[in-house]
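S.K.: Please see the structure below; I have some questions.
What follows is calculated from the coordinates using simple rules that are stated; it is not laboratory data. Please read these numbers as outputs of a predicted model, since none were measured by experiment. Positions of Cβ are backbone-derived with ideal geometry, glycine not excepted, and every protein chain shown enters the neighbour counts.
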Amino acid sequence: MIRPVRRIAAVCALGAALAACGTTGAPHAGHPAPARPAPAKPAPSATPPPTLSPGPGGLTPVFENGPRTRGKTVALTFDADMTADEGPRAAAGEHFDNPALIATLRSLKVPATVFMTGRWADEYPAEARSLGHDPRFEVANHSYSHYAFTGDCYGLPTVPADRMRSEVERAYTAIRKAGVPHPMPYFRFPGGCYDQKALRALGGLGVTAVQWDVVSGDAFATDADAVARQVLDGVKPGSVVVMHCTRSAAPTTERAVRTVVPELRKRGYRFVKVSELIGATGARR
């Protein structure tokens with residue numbers, strides 16, 4: 001459903017900690033091949049993913065959850081966060097990825113949507129490429145730098161209004177360069193913070209802003225059972241759950257997922273990607 005413009009307060013601990021640390025198409029048919037051809041970029045998917053129609057005045061549409069009355073579906077989403085200035089920490093051995101979590105999702109046969117920053121794709125191109133080629137996952141945009149699109153967003157540095165579009169476009173460039181052939185036209189605001197100015201700035205990009213209605217509380221959590229309980233207590237039909245794909249910032253997520261998945265299946269839930277929930281709202285294609 002489309003929600004009124006507002007800031008969703010969630011993942012504050014993660015945003016504050018991160019801040020403290022600091023379309024292309026296929027080649028034109030019929031053109032002669034050059035002597036030393038450059039690798040062709042993947043052609044767009046035959047069927048475009050569902051998106052929501054723009055809001056009044058062309059504002060970027062916002063999606064928070066799917067229909068409550070069309071079966072028990074739930075989408076697990078994972079933010080692959082890394083800010084533009086965290087390269088030195090990664091070089092020193094800090095892990096902003098979480099291969100064990102991805103392996104668990106695969107072994108449990110759980111589809112998921114990963115919202116990836118461009119900086120994360122730069123740092124972990126092989127993992128980004130693997131996710132982008134696995135039909136169980138879809139990769140979406142989480143900005144390039146993970147800087148905030150509003151002021152006062154959990155201490156995150158702020159992106160100026162005249163750079164908001166380029167933040168999204170630069171992230172798509174980095175994600176494609178890492179080897180993700182078809183990143184989805186979905187965008188998640190860092191920290192979940194947005195306002196009318198941000199939605200207006202991204203108007204015309206063709207993206208749907210994706211929020212959530214269930215906060216897992218996995219950011220810097222030390223109790224996996226508490227994270228699992230919070231998810232299980234919050235899920236309703238059509239829910240979008242926000243979690244994280246960063247070992248250093250969300251170390252208990254993989255263990256929580258091992259509890260959440262079988263329990264929700266026992267309750268009759270089916271796991272889907274965000275695109276399926278958006279499509280179920282009667283969104284355009």
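S.K.: Mind giving me the FRET efficiency for residue 263 and residue 85? R0 is 41 Å, r the Cβ-Cβ distance, nearest 0.05 is fine. Walk me through the intermediate numbers first.
M.R.: Numbers: r = 39 Å, r/R0 = 0.94.
E between residue 263 and residue 85, to the nearest 0.05, is 0.60.
S.K.: Turning to a different aspect of this structure: How high is the FRET efficiency from residue 133 to residue 166, r the C-beta distance, R0 25 Å, rounded to 0.05? Mind dumping the intermediate values first?
M.R.: Working: r = 27 Å, r/R0 = 1.08.
FRET efficiency, residue 133 to residue 166: 0.40.
S.K.: Would you kindly state how much longer the chain becomes between residue 47 and residue 177 on full extension, computed as 0.36 nm times their sequence separation minus their alpha carbon distance, in nm to one decimal? If you can, show how the numbers build up before the last one.
M.R.: Working: separation 130, 0.36 × 130 = 46.80 nm, distance 2.20 nm.
In short, 44.6 nm is gained.
S.K.: Of 278, 102, how do they rank once you tally other Cβ atoms within 10 Å and put the fewest first?
M.R.: Details: 278 26, 102 22.
Taking fewest neighbouring Cβ atoms as first place, the list is 102, 278.
S.K.: Suppose each label sits 7 Å from its Cα in the direction of the beta carbon; what would the residue 195-residue 94 distance come out to in nanometres?
M.R.: The answer from the label model is 2.9 nm.
S.K.: Answer rounded, prolate or oblate for the stretch 41-197, using the Cα gyration tensor with square roots of eigenvalues a ≥ b ≥ c: rounded when a/c is under 1.5, else prolate when a/b is larger than b/c, else oblate.
M.R.: Numbers: a/c = 1.42, a/b = 1.01, b/c = 1.41.
In terms of gyration-tensor shape, rounded.
S.K.: Can you give the extra length, in nm with one decimal, that the chain gains between residue 280 and residue 103 once fully stretched, where that is 0.36 nm per residue apart less the Cα-Cα distance? Walk me through the numbers before you get to the answer.
M.R.: On the way: separation 177, 0.36 × 177 = 63.72 nm, distance 2.80 nm.
Extending this stretch completely gives an extra 60.9 nm.
S.K.: Then there's this: List 107, 275 from most exposed to least, where exposure is judged by having the fewest other Cβ atoms within 10 Å. Write down the numbers at each step before the final one.
M.R.: Working: 107 9, 275 22.
Starting with the residue having the fewest Cβ neighbours, the order is 107, 275.
S.K.: Can you tell me the FRET efficiency between residue 158 and residue 72 if r is taken as the Cβ-Cβ distance and R0 is 51 Å, rounded to the nearest 0.05? Write out the running numbers ahead of the final one.
M.R.: Numbers: r = 39 Å, r/R0 = 0.77.
That pair, residue 158 with residue 72, gives E of 0.85.
S.K.: I need 137, 115 ordered by Cβ neighbour count within 10 Å, fewest first.
M.R.: Numbers: 137 20, 115 28.
By the 10 Å Cβ count, ascending: 137, 115.
S.K.: Indicate the gyration tensor shape class of the stretch 229-285 (rounded, prolate or oblate), computed on the Cα atoms with a ≥ b ≥ c the square roots of the eigenvalues: a/c under 1.5 is rounded; otherwise a/b larger than b/c is prolate and the rest oblate.
M.R.: Values: a/c = 2.64, a/b = 1.48, b/c = 1.78.
Oblate shape, in that a/c is at least 1.5 and b/c is the bigger or equal ratio.
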